[in-house]
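Have a look at the structure below, then the notes.
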Amino acid sequence: MATLIHTLADHSDDVNCCAFSSSCLATCSLDKTIRVYSLSNFSELPYSPLAGHGYAVHCCCFSPSGRVLASCSTDGTAALWDTRDGRRLAVLEQPGASPVRVCRFSPEDTYLLAGAADGSVVLWNVQSLKLYRSGKVKDGSLMACAFSPNGNFFVTGSSSGDLTIWDDKMRCLYNEKAHDLGVTCCDISSHPVSDSENGFKYFQMASCGQDNQIKLWLILFSDFLGVQLKYKCTLNGHSAPVLACAFSCDGQMIVSGSVDKSVIIYETNTGNTLHTLSQHTRYVTTCAFAPHSPLLATGSMDKTVHIWQLDLKQPCAGDTVENESKVAVEDWSEDDVSAWLYAQDLADFVGLFKTNNIDGKELLNLTKESLANELKIESLGLRSKVLQKIEELRMTKISVSVPDEFLCPITRELMNDPVIATDGYSYEREAMENWISNRRSSPMTNLPLHSLMLTPNRTLKMAISRWQETQQK
């Protein structure tokens with residue numbers, strides 16, 4: 001279920017982009033302004049709107065720490081703003097002064113990527129505010145970009161339809177013609193996935209374009225094969241060009257917005273449509289999931305931004321310790337650690353922990369010495385607070401991580417007799433039988449079930465049995 005809980009209607013022209021931090025939502029518009037709102041009550045912050053660009057603002061994004069907001073404009077510049085008081089920290093002029101279409105921070109807060117209409121790609125050093133590297137796509141304007149979660153590479157999309165993979169030294173690693181009529185947006189899931197077939201690690205990416213399609217890709221890295229972009233599938237829910245797409249924080253959902261005025265939320269693994277939202281009255285130009293709360297923002301040429309509350313079956317891993325996440329603490333990613341820091345009122349340490357690549361295993365091994373000597377936390381009081389929270393984690397951590405696909409979506413318990421319903425999902429037989437005795441809709445999508453037939457999922461049952469045997473050894 002996706003419920004519209006608030007509408008922002010402060011912009012006087014088309015909304016071009018929206019972006020979340022852990023506590024704020026930023027929006028930008030053809031009206032030359034950026035507006036910033038508090039997530040606690042969606043009130044506009046005292047320093048908003050931010051005015052300084054001479055022409056339309058095309059894109060905005062928060063740094064991973066949330067302390068800096070970037071925006072870029074037709075005026076040929078990217079601007080950096082202090083999110084505490086709205087002060088403009090810098091104006092970064094694109095070489096050639098071409099209109100800047102898109103901007104993104106690297107995961108470790110080191111670089112800002114800016115892409116322009118002339119195809120130029122620039123990496124700015126955020127600390128020195130100097131140009132670090134620059135390049136140019138083969139053809140067309142640069143319309144989209146996304147960093148990998150580890151920051152080792154980024155992807156750009158152009159109006160000519162190409163997706164290009166670059167490393168952090170601005171070397172072109174791979175190029176693929178992806179959308180015949182041009183790429184409009186791309187996003188990379190923050191959760192890398194291991195490929196059980198060959199043992200390699202890959203990243204999930206979504207791209208969308210003027211061809212009405214959303215394509216899912218796997219970016220593969222290996223010492224033998226180099227970099228590969230593998231096509232996974234196409235999502236064809238829209239009837240007009242798709243202008244925006246984004247992954248949820250756990251990588252389980254993808255949202256898209258289109259010229260057909262609709263917003264569609266898909267399940268990543270199956271490609272099934274979970275929700276179709278049709279409240280905007282003109283083209284949907286932007287969409288974004290909040291990083292640590294079940295919120296979705298969508299913006300449109302109708303000058304509004306809608307805020308949606310998502311009724312998630314399972315929250316994003318690591319949101320809080322109390323959410324009974326099935327992910328063991330020692331298996332937490334760096335993003336899960338960041339989410340935990342926010343939940344423990346330790347948000348000031350997010351940037352520091354990310355810079356030092358602190359994942360779940362590293363987190364549990366932190367000591368007062370490493371906090372002082374390696375992380376350089378000078379305050380004894382703050383070190384003690386962090387250590388106390390880590391000790392609580394050690395006492396309450398989940399030692400066994402149950403694979404999510406082994407859990408019944410209805411009961412959230414390990415399945416004993418899994419069956420497949422006609423919606424394509426697997427459930428515990430008794431739970432699903434009870435469900436369909438009272439209703440004829442899917443527990444996962446709320447759509448009508450075409451048949452009430454339940455088919456035994458013997459493959460899944462065998463996989464669960466094998467997993468249980470490994471836990472008993």
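The values are calculated or read from the model by the stated rules, or taken from the named source; none is laboratory data. Computed from a predicted model, the values in this text were never measured in an experiment. A quick note on method: Cβ atoms are made from the backbone with ideal geometry, for glycine too, and the neighbour counts reach across all protein chains shown. Please note that ligands, DNA and RNA were not included when accessible areas were found on the heavy atoms of the full protein model with its side chains. Shrake-Rupley method; radii C 1.70, N 1.55, O 1.52, S 1.80 Å.
Quick check on my filter: what residues within the stretch 136-152 are free of Cβ contacts under 8 Å to residues at least 40 places away in the same chain and open to solvent by 50 Å² or more (accessible area, probe 1.4 Å)? Before the answer, list the steps.
Going residue by residue through the stretch 136-152, those that are free of Cβ contacts under 8 Å to residues at least 40 places away in the same chain are 136-139, 152.
Answer for the stretch 136-152, where residues must be free of Cβ contacts under 8 Å to residues at least 40 places away in the same chain and open to solvent by 50 Å² or more (accessible area, probe 1.4 Å): K136, K138, D139, N152.
Could you list, in sequence order, the residues of the stretch 136-162 that are charged (D, E, K, R) and in a strand (DSSP E or B)?
Result: K136, D162.
Just to check your reading of the model, which residue among R133, R84 is open to solvent by 60 Å² or more (accessible area, probe 1.4 Å), part of a strand (DSSP E or B) and not β-branched (V, I, T)? Give the steps one after another, and end with the answer.
Values: R84 fails: part of a strand (DSSP E or B).
The conditions single out R133.
Take the conditions open to solvent by 10 Å² or more (accessible area, probe 1.4 Å), of a type in the set (D, E, K, R) and under 23 Å from E44 (Cβ atoms) and apply them to D109. Does it pass?
When the stated conditions are applied, D109 does not pass them.
Please work out if N416 is part of a loop (DSSP other than H, G, I, E, B), modelled with pLDDT under 90 and open to solvent by 70 Å² or more (accessible area, probe 1.4 Å).
Answer is no for this residue.
Of all residues in the stretch 268-289, which are touching a Leu at 6+ places or on another chain (Cβ under 7 Å) and part of a loop (DSSP other than H, G, I, E, B)?
Once the filter is applied, which keeps residues that are touching a Leu at 6+ places or on another chain (Cβ under 7 Å) and part of a loop (DSSP other than H, G, I, E, B), the stretch 268-289 yields G271, Q279, Y283.
Scan the stretch 14-28 and give yes if some residue there is part of a loop (DSSP other than H, G, I, E, B), open to solvent by 30 Å² or more (accessible area, probe 1.4 Å) and modelled with pLDDT of 95 or more, otherwise no.
Checking the stretch 14-28: not a single residue is part of a loop (DSSP other than H, G, I, E, B), open to solvent by 30 Å² or more (accessible area, probe 1.4 Å) and modelled with pLDDT of 95 or more.
For the stretch 426-441, how many residues are modelled with pLDDT under 85 and either under 22 Å from P403 (Cβ atoms) or not polar (S, T, N, Q) (or both)?
In the first step, residues of the stretch 426-441 are kept if they are modelled with pLDDT under 85; the result is 438-441.
Now drop any that are not either under 22 Å from P403 (Cβ atoms) or not polar (S, T, N, Q) (or both), which leaves 439-440.
Final tally of qualifying residues: 2.
What are the residues in the stretch 29-51 that are hydroxyl-bearing (S, T, Y), crowded, with 17+ Cβ neighbours inside 10 Å and more than 21 Å from the chain's Cα centre (by Cα), if any?
Of everything in the stretch 29-51, those that are hydroxyl-bearing (S, T, Y), crowded, with 17+ Cβ neighbours inside 10 Å and more than 21 Å from the chain's Cα centre (by Cα) turn out to be S29, T33, S48.
Here is a yes/no grid of residues against (1) in contact with a His (Cβ under 6 Å, 6 or more places away or on another chain); (2) under 28 Å from A339 (Cβ atoms); (3) aromatic (F, W, Y):
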| site | (1), (2), (3) |
| --- | --- |
| S29 | yes, no, no |
| T33 | no, no, no |
| S38 | no, yes, no |
| P46 | no, yes, no |
| P49 | no, no, no |
| H53 | no, no, no |
| S63 | no, yes, no |
| L69 | no, yes, no |
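Among the residues of the stretch 47-104, what is the count of those that are in contact (Cβ under 8 Å) with a residue 60 or more places away in the chain, among the polar types (S, T, N, Q) and more than 24 Å from F153 (Cβ to Cβ)?
1
Considering the stretch 362-383 alone, what residues qualify as being of a type outside the set (D, E), assigned to a helix (DSSP H, G or I) and surrounded by 13 or more Cβ atoms within 10 Å (Cβ to Cβ)? Give the derivation first.
Our first condition is that a residue be of a type outside the set (D, E); within the stretch 362-383, this holds for 363-368, 370-373, 375-377, 379-383.
Applying the additional criterion that residues be assigned to a helix (DSSP H, G or I) yields 363-364, 368, 370-373, 380-383.
L363, L364, K368, S370, L371, A372, L382, R383 - these are the residues of the stretch 362-383 that are of a type outside the set (D, E), assigned to a helix (DSSP H, G or I) and surrounded by 13 or more Cβ atoms within 10 Å (Cβ to Cβ).
How many residues are out of contact with any Pro (no Cβ under 7 Å at 6 or more places or on another chain) and assigned to a strand (DSSP E or B) when one looks only at the stretch 29-46?
Residues flagged as out of contact with any Pro (no Cβ under 7 Å at 6 or more places or on another chain) and assigned to a strand (DSSP E or B) within the stretch 29-46 amount to 5.
Could you tell me which residue of the stretch 348-361 is most open to solvent (accessible area, probe 1.4 Å), considering only residues that are in a helix (DSSP H, G or I), among the charged types (D, E, K, R) and at pLDDT 80 or above?
Once the filter is applied, the top-ranked residue is K361.
Among the residues of the stretch 163-178, count how many are over 18 Å from C245 (Cβ atoms) and either assigned to a loop (DSSP other than H, G, I, E, B) or of a type in the set (S, T, Y) (or both).
Matching residues across the stretch 163-178 total 5.
Yes or no: the stretch 153-172 includes at least one residue that is open to solvent by 20 Å² or more (accessible area, probe 1.4 Å) and within 14 Å of L220 (Cα to Cα).
no
Applying the selection to the stretch 179-204, what residues are assigned to a loop (DSSP other than H, G, I, E, B), open to solvent by less than 40 Å² (accessible area, probe 1.4 Å) and modelled with pLDDT of 75 or more?
If the condition is that a residue be assigned to a loop (DSSP other than H, G, I, E, B), open to solvent by less than 40 Å² (accessible area, probe 1.4 Å) and modelled with pLDDT of 75 or more, then H179, G182, S189, S190 are the ones that fit.
Residue by residue through the stretch 300-342, note down the ones that are open to solvent by less than 20 Å² (accessible area, probe 1.4 Å) and modelled with pLDDT of 80 or more.
S300, V305, H306, I307, W308, L310, W332, V337, W340, L341
Suppose we keep only residues that are closer than 20 Å to L181 by Cβ and touching a Leu at 6+ places or on another chain (Cβ under 9 Å) within the stretch 232-241. Which one would you say is surrounded by the most Cβ atoms within 10 Å (Cβ to Cβ)?
L235
Could you figure out which of (1) open to solvent by 20 Å² or more (accessible area, probe 1.4 Å); (2) modelled with pLDDT under 85; (3) in a loop (DSSP other than H, G, I, E, B); (4) touching an Asp or Glu at 6+ places or on another chain (Cβ under 8 Å) isn't true of D345?
That leaves (4) as the condition not met.
Tell me, please, whether a residue that is within 30 Å of P409 (Cα to Cα), part of a loop (DSSP other than H, G, I, E, B) and either of a type in the set (K, R) or at pLDDT 95 or above (or both) can be found in the stretch 253-266.
Checking the stretch 253-266: at least one residue is within 30 Å of P409 (Cα to Cα), part of a loop (DSSP other than H, G, I, E, B) and either of a type in the set (K, R) or at pLDDT 95 or above (or both).
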